[in-house]
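What follows is a single structure, written as structure tokens, with notes after it.
The values are calculated or read from the model by the stated rules, or taken from the named source; none is laboratory data. Small disclaimer: the values here were computed from a predicted structure and weren't measured. A quick note on method: Cβ atoms are made from the backbone with ideal geometry, for glycine too, and the neighbour counts reach across all protein chains shown.
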Amino acid sequence: MAKKLLCLRCETPMQYLGNEEFQLGKTGWLMGDLPNLLAGAMELEIYCCPHCGKIEFFRPVEISEYQIAQVECPNCGATHDIDDPKCPFCKYRP
Ligand SMILES: [Zn+2]
Ligand SMILES: [Zn+2]
């Protein structure tokens with residue numbers, strides 16, 4: 001998703017050039033692409049200012065749907081992760 005950005009230098013609206021994948025690892029001739037898989041590739045969004053030529057990279061923000069369910073502590077009423085074995089606030093253990 002393209003953002004609306006203003007160039008930091010000249011405040012011209014920046015142009016979205018697209019996404020580019022950058023390899024973080026190097027492909028070895030023995031292991032093939034395996035080190036690449038381990039190191040992973042990083043996808044970056046590229047923006048360019050048409051006025052002064054400044055280029056900016058952004059890492060696309062992944063919107064995580066994953067969220068730990070929250071429970072309300074029966075003792076102090078604070079909400080905390082359902083994963084917590086006891087309330088992190090009052091140490092109450094249900
Ligand atoms: Zn500029
Ligand atoms: Zn509590």
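Worth pointing out:
- First in the range 68-94 and among the small types (Gly, Ala, Ser), second anywhere and at pLDDT 90 or above, Cβ under 6 Å, 6 or more apart: ALA78/PHE89
- Strands (runs of 3 or more DSSP E) wholly inside the chain containing at least 2 residues that are at pLDDT below 70: none
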